[in-house]
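Any read-out appearing in this document is the output of simple, stated calculations on the displayed coordinates, not a laboratory observation. Bear in mind that the values here come from a model prediction, so they are computed numbers and not experimental data. Cβ: placed from backbone, ideal geometry, glycine included. Neighbour counts: every protein chain shown.
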C-alpha cells in the first residue's frame, strides 16, 4: 500500500470519526435541551407556545385534564393534510373528545347534530373559518358549529344540518376556494356562514403582512421552491435552537419595530379590502346557487373593553415586544369602522365587554366553551332576526 492510499484511508477514517462525533454531540445537545425545556415549562407553564390548558376557564370541568391530554397529543401528531389549491386541510383524528372524521365531502370536525332530524328535508348550513371555528381547545360538543346547530334547532324553525368546514390556520382566501370546491361537487346549502378575523388580521398585517397570502407563507414557499432554508427548516423546531432563542431573548431586550400609525392603518385597510372582496365573491355565488351568506368578524383580545382576567393579562403580556397585537388591533379598528357603515358583515369584537370571566385561552384568541357559547348565541340571534325580516318582505 503506497503512502497516498494510506493517507487517503486515514483521512476518510478521521472524517468518519469526526462526523460520528459531531452527530453524537448534536444528539446529546438536543436531548439535554429537551430536558431543560421540559423542566422549565413545568415550572413556568405560561412560557409554552400554547398554554391553553392552564386557563382558569377549564377549572369547572372535571374532564379538562383528560381532554387536554388528548388535544396535546393531536397537536404533536398532526401536521395537517395537503389539499390542492388550499395548501392544507384537516387531518383525520378520532378520540374521546375530538373527532375529525373522513366523510364523502372530505375530513372535517364533527358537529353534534339534533338527535331527531330528517336529514333529507333539513336546511343545510355550511360554516367556514379558521381554528376557532374548527374548535381548537374545545370538545366536539363545544365547537361553535355544534352550539349553533343546537340553538338553531331549538328555535322551532325545523331541522338545520350544520357542517363545520373550519380548518386551523385558514383565512378567507382559502375559505372561498373551499366554498367553490363544495359547489363544484354538486352540494347546495341554504345558508353559508363565515366566521373570521384573527387569522386574516395576522396574515394581512403581521406575517407575511400580505392579505393576499396565507399563514406560514415563508416556510411553505421555501419548501416548494426547494431552497436551502426550506430543506433545513426542520432545525427551527429543534429543542437546542428553542433553548438558544430563549436565552438570547432573556439577555437582550426586544426591540419594537419602528412602524408608524399610518403603516398600521394602511395594512388594516388592505386586509379589510381583501376580506370584503372575498365576501362579495361569496355573495355573488349565493345569488347564482340560491343560498344566503352571513359573515361575522370574531372577537379578539386585541380589541374591546373586556375586563381581563389575570390569565388573559398574561396572554396580553406575552406580546410585550409588540410584534403582533398592535398590528392586529389596527385591522380590528378598520373592521369596526367598516361594519358600522357598510353592514357587509357583523362585527363581534366587543361582545365580551361585559364578561368578567375568562374566555380567551391562548394568544391565538381561541375561546373556552363559555366563550363559544356566547359567540354561537350572537350568531343565531342575528340569523334569526335576518330570517324574520326576510319573511316580512313583500
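Within a 10 angstrom radius of the beta carbon, how do 194, 85, 291 rank from fewest other beta carbons to most?
85, 291, 194
Let me see the pair-distance distribution of segment 54-392: every alpha carbon pair, 10 Å bin width, integer percents in order.
Reading the bins upward from 0: 5, 24, 35, 26, 8, 2, 0.
Expressed as a whole number of Å, what is the distance separating the alpha-carbon centroids of segment 369-384 and segment 61-127?
20 Å
Shape call for segment 182-221 from the C-alpha gyration tensor, a ≥ b ≥ c root eigenvalues: rounded (a/c under 1.5), prolate (a/b greater than b/c) or oblate?
Cα axes put segment 182-221 in the oblate bin.
Given the C-alpha centroids of segment 138-160 and segment 310-355, what is the distance between them in whole angstrom?
Taking the Cα centre of each part, segment 138-160 and segment 310-355 sit 26 Å apart.
What fraction, in whole percent, of alpha-carbon pairs in segment 91-176 exceed 19 Å separation?
That tail contains 36 percent of the Cα-Cα pairs.
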